[in-house]
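Derivation of every value follows stated rules applied to the coordinates shown; laboratory data play no part. Here the structure is a predicted model, which is why all the values come from computation and not from measurement. So basically every Cβ, Gly included, is an ideal-geometry build from the backbone, and we count neighbours across all protein chains shown.
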Amino acid sequence: MKLRSLLFVPGDRPERFSKASASGADAIIIDLEDSVALDRKVLAREATAEYLSGDRPVLVFVRVNPQDSQLTHDDLASVLPFLPDGIVLPKAEGARSINWLRAEAAAVADNPDGEAPPILPIATETPGAVFDLGSLREVAPWLAGVSWGAEDLPAAVGAATSREPDGSYTAPYELARSLTLFAAHAAGVAAIDTVFPNISDADALDGYVARAARDGFTGMLAIHPSQVPNINKGFTPSEQQLAHARAVVDAFAENPGAGVLQLDGKMIDAPHLKAALSILARV
């Protein structure tokens with residue numbers, strides 16, 4: 001499942017679903033949570049189910065409401081019969097939240113052995129969730145990836161903001177971002193960076209994406225179709241990166257059993273080979 005870009009679209013705006021699907025995003029996330037007012041939840045569920053029942057040009061995930069909302073069961077009952085490609089779970093708190101969602105999905109299907117679609121938890125939206133990130137490796141087979149949020153967490157602890165004036169994260173939220181990155185890789189699933197809220201600053205977005213890809217994230221959430229091309233480009237290895245990765249792989253193939261080699265005047269070893277193989281796997 002290629003997940004460079006995942007574009008949110010409000011569930012109560014079905015006229016936007018096709019446009020979102022045509023944006024070039026690897027997946028769209030039809031949102032039943034924050035972008036939908038309480039009195040429009042039923043409308044959003046019905047519109048989402050109708051869209052899922054038709055042809056889908058891209059992967060379609062659905063963000064359900066969180067566990068404490070008392071809305072998740074009805075969300076799942078509306079969309080699971082149409083087999084979405086994944087479920088986004090907000091305010092997830094580690095493995096126990098994933099197991100709870102799988103149990104809810106089984107109850108909706110009236111099948112104790114029923115399986116939920118792959119789950120993408122937003123894994124840092126409560127203070128406790130930060131301490132539960134490591135447990136996600138216990139439920140790795142049921143994950144599509146791991147992402148994080150930089151808005152709900154500061155609100156939960158009474159912080160004024162999660163960002164510095166230049167747009168970078170303050171220390172507590174940089175920590176949450178880093179822990180999410182490591183939790184995803186520990187589970188062996190996609191590491192999905194959070195949204196970039198300034199949709200009018202393409203240069204700043206490019207810088208954000210470049211930093212995320214540099215740090216080890218493999219994709220990113222988007223909130224506007226205009227962000228998708230920049231995100232896709234940033235998470236697609238360049239020709240220079242691919243050429244170097246192939247050179248590393250070829251060097252080890254030509255020297256079986258070697259632990260350390262020299263390439264272009266630099267020493268390379270097993271971690272360089274692993275990184276090269278990871279880059280090639282992305283294309």
(message) Quick check: the angle from helix 270-281's long axis to the longest principal axis of the chain, C-alpha only, nearest 10 degrees?
(response) 50 degrees
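From the square roots a ≥ b ≥ c of the eigenvalues of the alpha-carbon gyration tensor of the range 240-281, which class results: rounded (a/c under 1.5), prolate (a/b over b/c), or oblate?
Details: a/c = 1.69, a/b = 1.37, b/c = 1.24.
Prolate, since a/c reaches 1.5 and a/b exceeds b/c.
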(request) Quick one: divide the alpha-carbon radius of gyration of the range 116-160 by 2.2 N^0.38 Å and tell me what you get. (result) 1.26
(message) Run the reach check for Lys274 against lysines, Cα to Cα strictly under 18 Å, same-chain hits fewer than 8 apart removed. What comes back?
(response) Lys266
(request) Run the numbers on the chain and let me know its relative contact order in percent, using alpha-carbon pairs under 8 Å that are six or more apart. (result) 16 percent
(request) Pull up the cross-link candidates among the aspartates and glutamates for Lys2, meaning alpha carbon to alpha carbon under 14 Å and not fewer than 8 places away within one chain. (result) Asp26, Asp85
(request) Please arrange Leu181, Leu175 by counting, for each residue, the other beta carbons lying within 10 Å of its beta carbon, fewest first. (result) Leu175, Leu181
(message) Can you report the principal axis dimensions of the chain using only the alpha carbons, biggest first, rounded to whole angstrom?
(response) 64, 47, 38
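What order do you get for Leu83, Leu101, Leu280 when you list them from fewest to most C-beta neighbours inside 10 Å?
Numbers: Leu83 11, Leu101 22, Leu280 15.
Going from sparsest to densest Cβ surroundings: Leu83, Leu280, Leu101.
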(request) Could you work out which residue, out of Thr48, Thr180, Thr170, moves most in a Gaussian network model of the chain, that is, has the largest mean-square fluctuation with Cα springs under 10 Å? (result) Thr170
(request) For the range 67-181, calculate the relative contact order in percent as a whole number, restricting contacts to Cα pairs under 8 Å that are 6 or more residues apart. (result) 24 percent
(message) For a quick check: sort Ile199, Ile122, Ile268, Ile223 by the number of other beta carbons within 10 angstrom, fewest at the front.
(response) Ile199, Ile223, Ile268, Ile122
(message) Angle check, please: helix 202-215 long axis (alpha carbons) against the longest principal axis of the chain (alpha carbons), in degrees 0 to 90, nearest 10.
(response) 70 degrees
(request) Run a plain Debye calculation on the range 40-188 (Cα atoms as equal point scatterers, no solvent) and give log10 I(q)/I(0) at q = 0.13, 0.17, 0.18 Å⁻¹, rounded to two decimals, same order as the q list. (result) -0.62, -0.97, -1.05
(request) Taking every Cα atom in the range 2-104, find the radius of gyration and the maximum pairwise distance Dmax, and write them in Å. (result) 12.8, 36
(message) Just to be sure I understand: with springs between alpha-carbon atoms less than 10 Å apart, which residue in Asp215, Asp201, Asp39 has the highest mean-square fluctuation in the Gaussian network model of the chain?
(response) Asp39
(message) Per DSSP helix of 4 or more residues, -39500 (n - 2.57); summed, then divided by the residues of the chain. What does that give at 222 nm, rounded to the nearest 500?
(response) -12500 deg cm²/dmol
